[in-house]
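Down below is the structure, laid out as structure tokens.
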Amino acid sequence: CERQDGRPFRQRLLVVANRLPVSAVRRGEDSWSLEISAGGLVTALLGVKEFEARWIGWAGVNVPDEIGQKALTKALAEKRCIPVFLDEEIVHQYYNGYCNNILWPLFHYLGLPQEDRLATTRSFQSQFAAYKKANQMFADVVNMHYEEGDVVWCHDYHLMYLPECLKKHNTNMKVGWFLHTPFPSSEIHRTLPSRSELLRSVLAADLVGFHTYDYARHFVSACTRILGFEGTPEGVEDQGRLTRVAAFPIGIDSERFIRALELPPVQEHIKDLKERFSGRKVMLGVDRLDMIKGIPQKILAFEKFLEENPYWRDKVVLLQIAVPTRTDVPEYQKLTSQVHEIVGRINGRFGSLTAVPIHHLDRSLDFHALCALYAVTDVALVTSLRDGMNLVSYEFVACQDAKKGVLILSEFAGAAQSLGAGAILVNPWNITEVAASISQALNMSAEEREKRHQHNFHHVTSHTAQEWAETFVSELNDTVVEAKLRTSK
Ligand code: ADP
Ligand code: G6P
């Protein structure tokens, strides 16, 4: 097996994630089209090119019939993807329920859904049962495709029960698990009824990875306080068996973005955008329409800025591109209406017959349009209330080598630890502070912008998705040997 440049692949890698890099749309009984999925996990893993990777996951669609399943399996095989078919009930209980209504908000310190606490508590057991069932379905597909020597890399909060399922079947399998969200303080994790089962299962992996040192530390504390295991500088130890736990900060394929800026369609988009917003400074938000992204808070901060700075009212525009996500979960539906209402109110208040201060789009942009937007932006606003890393901030920096725009970045995004010195860090809950940071960004001298940009550009181009994956997998290879040695002592 060879890579595109003719060099051999290093190793076979089975990447297991709930979401495949492509989502399927049915066009006929046995015909499918595939669209790229949005999200940081997909973006990062698409940058991994050294390995002969096969991707095992859900194609985002219910396919009850055999004809459809066969045709989709064939279409996905061309993209090196292997589907796990989940029926509607499992998706409802496992994906919408346990993953996105319980684990996701909890891991981002948002607690359980506000109006729904009791209902969520009641349905907890059945949703956790569905979660375990779904994880076992992923394990069955991995077992079917696993060959000796493969490395199995499980991803994210959807699959915390997977390492145990895999190791029960084959103790020699090299299994890594990586979390793309924050891991919260152990005081938060201990409120989960299934807290111990999930920790024990993750510890069945040979290597457990997080974006930041803090998340790894929280995980180790949870294991010591909840399970009574020992935390060591290397990880978590229980009766002589060590599970290595470490931080592996993710990156992006920065070269892909930098090269794209030279492409004719991107140049064309840039020209259009410059004409359209000529005479105005462009501020940009690009997010999945998720409560963790702090979109309402961001827009309210922008309103405060306009209130306090009449001079800027017709000289600045905020483009908020928010791709809808997890639309079957009620919290997400409420968020969509809330954002629409706030945007409408502010545009009514500060807009004119010919211009509005906020352009809000509820959709995904293609790669070329996205690169062009990043390139023409003067100020990017990333105001996540919590975020595992946030790759949008990295993508913005990669596209800014000509313009040297300013990044306003939440201190609660993992990226604050890597891009903090170049960005303006803010507490996204403090609207007054974010409004002041907008003013600071728009008035910043070219010299200071250049200095801040250079810091971040250097980081983004030298800490890539490629390097992240290589480091994780190479450590996983070593760790398995270490773990065996320790057990046999
Ligand atoms: P998350 O993992 O929570 O989605 P990240 O910022 O890490 O957050 O990653 C989001 C990814 O999804 C980025 O690669 C970004 O380009 C992409 N994305 C987000 N919103 C959009 C959008 N509206 N259109 C196109 N791509 C988007
Ligand atoms: C985050 C999660 C990913 C997830 C993505 C998109 O990045 O860490 O696991 O794939 O959001 O969310 P979705 O629910 O559409 O897969």
Q: Six or more apart or on different chains, Cβ under 8 Å: which pairs go from a residue in region 426-438 that's in a loop (DSSP other than H, G, I, E, B) to one that's at pLDDT below 95 and surrounded by fewer than 16 Cβ atoms within 10 Å (Cβ to Cβ)? Could you list them?
A: none
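Tell me which residues, restricted to region 169-199, are part of a helix (DSSP H, G or I) and touching a Gly at 6+ places or on another chain (Cβ under 9 Å). Steps first, please.
Filtering region 169-199 down to residues part of a helix (DSSP H, G or I) leaves 169, 186-189, 195-199.
The answer is I188, and nothing else.
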Q: Considering (1) of a type in the set (D, E); (2) closer than 28 Å to L263 by Cα; (3) within 16 Å of ligand 1 (Cβ to nearest atom), say which one E331 fails and leave the rest.
A: (2)
Q. How many residues are in a helix (DSSP H, G or I) and among the hydroxyl-bearing types (S, T, Y) if we restrict to region 445-468?
A. 2
**Q.** Residues being more than 19 Å from the chain's Cα centre (by Cα) and over 13 Å from L103 (Cβ atoms) - total across region 172-196
**A.** 9
Q | Pairs with Cβ under 6 Å, 6+ apart, first in region 28-44 and without any contact (Cβ under 8 Å) to a residue 40 or more places away in the chain and charged (D, E, K, R), second within 12 Å of ligand 2 (Cβ to nearest atom) and part of a strand (DSSP E or B) | A | E35/S23
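Matching residues to (1) modelled with pLDDT under 95; (2) closer than 23 Å to V42 by Cα:
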{"position": "V329", "(1), (2)": "yes, yes"}
{"position": "Y332", "(1), (2)": "yes, yes"}
{"position": "V343", "(1), (2)": "no, no"}
{"position": "Q417", "(1), (2)": "no, yes"}
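Could you list, in sequence order, all residues of region 345-373 that are under 23 Å from A446 (Cα atoms) and either at pLDDT below 95 or surrounded by fewer than 24 Cβ atoms within 10 Å (Cβ to Cβ) (or both)?
Here is the first cut: in region 345-373, the residues under 23 Å from A446 (Cα atoms) are 371-373.
Listed by number, the list holds a single entry, L373.
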Q: Restrict the check to region 94-111 and report whether at least one residue is modelled with pLDDT under 90, more than 14 Å from ligand 2 (Cβ to nearest atom) and touching a helix residue (DSSP H, G or I) at 6+ places or on another chain (Cβ under 7 Å).
A: yes
Q.
Within region 181-201, does at least one residue satisfy the condition of being within 16 Å of ligand 1 (Cβ to nearest atom), under 29 Å from E52 (Cα atoms) and in contact (Cβ under 8 Å) with a residue 12 or more places away in the chain?
A. yes
Q: Test L284 against the criterion of being closer than 22 Å to L391 by Cα and either among the charged types (D, E, K, R) or surrounded by 16 or more Cβ atoms within 10 Å (Cβ to Cβ) (or both), and give yes or no.
A: yes
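In region 29-44, what count of residues is obtained for those that are over 15 Å from R326 (Cβ atoms) and crowded, with 21+ Cβ neighbours inside 10 Å?
Residues of region 29-44 that are over 15 Å from R326 (Cβ atoms), as a first pass: 29-36, 43-44.
Filter once more, so that each one left must be crowded, with 21+ Cβ neighbours inside 10 Å: 43-44.
Final tally of qualifying residues: 2.
Run down M144, M160 and say which single residue is within 16 Å of G57 (Cβ to Cβ) and away from ligand 2 (no atom under 16 Å from the Cβ). Before the answer, list the steps.
Values: M160 fails: away from ligand 2 (no atom under 16 Å from the Cβ).
Only one candidate qualifies: M144.
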Q: For D156, indicate whether it is of a type in the set (D, E, K, R), buried (at least 19 other Cβ atoms within 10 Å of the Cβ) and more than 18 Å from the chain's Cα centre (by Cα).
A: no
Q) Listed residues S384, S393, S352; which is over 17 Å from V316 (Cα atoms), part of a loop (DSSP other than H, G, I, E, B) and hydroxyl-bearing (S, T, Y)? A) S384
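Could you look through region 458-472, keep only residues that are among the small types (G, A, S) and crowded, with 19+ Cβ neighbours inside 10 Å, and pick out the one that is farthest from V15 (Cα to Cα)? First the steps, then the outcome.
First, the residues of region 458-472 that are among the small types (G, A, S): 462, 465, 469.
Narrowing the set further to residues that are crowded, with 19+ Cβ neighbours inside 10 Å leaves 465, 469.
Values: A465: 14, A469: 11 Å.
So the residue we want is A465.
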Q: Quick one: count up the residues across region 282-323 that are among the acidic types (D, E) and away from ligand 2 (no atom under 15 Å from the Cβ).
A: 4
Q. Only one residue in D290, D314, D272 is under 21 Å from the mean Cα position of the chain (by Cα) and of a type in the set (D, E), so which one is that?
A. D290
(Q) Give me the residue from region 334-368 that is free of Cβ contacts under 8 Å to residues at least 12 places away in the same chain and hydroxyl-bearing (S, T, Y) and, out of that set, nearest to ligand 1 (Cβ to nearest atom). (A) S337
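The values are calculated or read from the model by the stated rules, or taken from the named source; none is laboratory data. It should be emphasised that the depicted structure is a prediction, and the values quoted were computed from it without experimental measurement. Cβ coordinates were reconstructed from backbone atoms using ideal geometry, including for glycine residues, and neighbour counts include every protein chain displayed.
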